[in-house]
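Working notes, beginning with the structure itself.
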Amino acid sequence: MSKNIQIKLLISDAKIPQKQHSSDIGYDLSSIEEVKLPSKEVTLVHTGISISLTEGIAGFVLPRSGLATKHQITLINSPGLIDPGYTGEILVPLINHSNSDYLIDKHDRIAQLVLLSEEHVSFEVVDVLDDSKRSDKGFGSTG
């Protein structure tokens, strides 16, 4: 099932988020400007787009794995949450963990947007949770 998300291009050559492969979940967000990311600093990078999410849909801005692993650049607040009702520009706060400055070119892919649909739930207080293979084994217990 496909849903339409309204998008506003704040500058004429801003990039509409898109998937690189049809099976991808994340839509790439791109920079509208050339910007230097100084070493060990946070820089807000402009995407030049605003979106309007309908009630029950949330947008999560996530790092791109290539930037993180190859250049040590990631989001300072990962994941960043876009709630329905926020219609301002999507800004991406990138942090450069490396010892060298890094240059983002105009239209470089800088982050991913993942859209999730909320299912309303309620919480039930219980004395014991159902047992599972993983149970309470903690970090690394999946293998």
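The values are calculated or read from the model by the stated rules, or taken from the named source; none is laboratory data. All values derive from a computational prediction rather than experimental measurement. Every residue, glycine among them, receives a Cβ derived from its backbone with ideal geometry; neighbour counts consider all protein chains shown. Ligands, DNA and RNA are excluded from the accessible area calculation, which covers all protein heavy atoms including side chains. Shrake-Rupley method; radii C 1.70, N 1.55, O 1.52, S 1.80 Å.
Quick look at the values:
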| quantity | calculated |
| --- | --- |
| Number of positions in the range 65-112 that are closer than 19 Å to Lys15 by Cα and among the aliphatic types (A, V, I, L, M) | 10 |
| Number of the condition not met by Val92 [criteria: (1) open to solvent by 80 Å² or more (accessible area, probe 1.4 Å); (2) assigned to a strand (DSSP E or B); (3) hydrophobic (A, V, I, L, M, F, W, C)] | (1) |
| Residues of the range 43-72 satisfying the condition of being in a helix (DSSP H, G or I) and surrounded by 13 or more Cβ atoms within 10 Å (Cβ to Cβ) | Leu67, Ala68, His71 |
| Flag for Ser78 being surrounded by fewer than 10 Cβ atoms within 10 Å (Cβ to Cβ), assigned to a loop (DSSP other than H, G, I, E, B) and either among the polar types (S, T, N, Q) or within 15 Å of the chain's Cα centre (by Cα) (or both) | no |
| Any pair with Cβ under 8 angstrom, 6 or more apart, that starts in the range 114-127 at a residue that is closer than 23 Å to Gly80 by Cβ and ends at one that is modelled with pLDDT of 85 or more and open to solvent by 100 Å² or more (accessible area, probe 1.4 Å) | Val114/Ile25 |
| Condition check for Lys40: in a loop (DSSP other than H, G, I, E, B), modelled with pLDDT of 95 or more and at positive phi | yes |
| Qualifying residue in the range 102-112 (condition: within 19 Å of Lys19 (Cβ to Cβ), touching a Gly at 6+ places or on another chain (Cβ under 8 Å) and open to solvent by 30 Å² or more (accessible area, probe 1.4 Å)) | yes |
| Whichever residue in the range 5-20 is open to solvent by 80 Å² or more (accessible area, probe 1.4 Å) and under 17 Å from the mean Cα position of the chain (by Cα) and, among such residues, is modelled with the lowest pLDDT | Gln20 |
